[in-house]
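Working notes, beginning with the structure itself.
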Amino acid sequence: MPEFFDSVKGFGVTFRQMFKKVDTVEYPEVKRPTAPRFHGRHQLNRWPDGLEKCIGCELCAWACPADAIYVEGADNTAEERYSPGERYGRVYQINYLRCILCGLCIEACPTRALTMTNEYELADDSRESLIWTKEQLVAPLQPGMEAPPHPMRLGEDEEDYYRLGAMLAASQADTGERNPVEEGPVQDWPVQGQDGSARQGDVQ
């Protein structure tokens with residue numbers, strides 16, 4: 001077959017799309033649901049007693065290919081405890097001017113503190129407004145949670161928290177329960193949905 005026909009075949013997809021009906025969505029009046037595993041706005045999750053999962057290790061910042069994450073860790077004390085570990089994320093910022101929403105940061109997180117929601121409306125006319133702080137990223141308190149700082153309620157040390165998370169994940173695997181909202185096996189922690197409501201499905 002002459003090489004000329006190779007170029008023609010390459011345009012086959014283009015020509016087929018030309019005659020298809022254009023699917024127009026009247027956004028923002030009409031909002032099409034995102035895919036279950038959509039990579040949207042980040043969220044910093046909590047343990048069931050309200051303590052933060054973030055331990056300020058900065059692995060997410062190191063994993064970010066766009067250098068969009070800035071973390072400052074600080075030590076927990078007996079009087080002020082924000083996470084079950086020795087440290088917590090005192091400062092946490094994500095620069096959405098740089099972020100490419102690749103998800104490498106959530107893969108690097110050792111405590112599954114950072115996950116991604118289905119929220120995608122991040123546009124703004126101010127550069128400063130696109131640098132999200134910890135206060136904007138941290139998950140809202142759900143019923144039964146206590147705002148930190150406070151002592152650990154679910155065990156004597158951080159290992160008890162991680163064992164609890166593993167037990168809940170194992171129980172869900174045994175019963176066949178799984179929510180595909182986030183990537184990977186699911187824990188039973190509340191995660192904020194696109195409409196602001198709570199949903200189940202923190203990454204494990």
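The values are calculated or read from the model by the stated rules, or taken from the named source; none is laboratory data. Model, not experiment: these values are computed from the prediction. Counting neighbours? That spans all protein chains shown, and the Cβs are built from the backbone with ideal geometry, glycine included.
Quick rundown of the values:
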| read-out | value |
| --- | --- |
| Residue that is modelled with the lowest pLDDT [pool: residues in region 106-130 that are surrounded by 16 or more Cβ atoms within 10 Å (Cβ to Cβ) and over 19 Å from PRO36 (Cα atoms)] | THR111 |
| Every pair of residues 6+ apart whose Cβ atoms lie under 6 Å, when the first sits in region 105-124 and is part of a loop (DSSP other than H, G, I, E, B) while the second is aliphatic (A, V, I, L, M) | THR111/ILE55; ARG112/VAL203; ALA113/LEU44; ASP124/LEU130 |
| Among (1) aliphatic (A, V, I, L, M); (2) under 16 Å from CYS54 (Cα atoms); (3) surrounded by fewer than 13 Cβ atoms within 10 Å (Cβ to Cβ) - the single one MET167 does not satisfy | (2) |
| Top-ranked residue in region 1-50 [being part of a helix (DSSP H, G or I) and among the small types (Gly, Ala, Ser); ranked as farthest from TYR120 (Cα to Cα)] | SER7 |
| Count - residues of region 80-124 that are of a type in the set (Val, Ile, Thr), more than 18 Å from ALA166 (Cα to Cα) and touching a Phe, Trp or Tyr at 6+ places or on another chain (Cβ under 8 Å) | 2 |
| Hits in region 43-85 - residues which are under 15 Å from PRO151 (Cβ atoms) and loosely packed, with under 14 Cβ neighbours inside 10 Å | THR77, ALA78, GLU79, GLU80 |
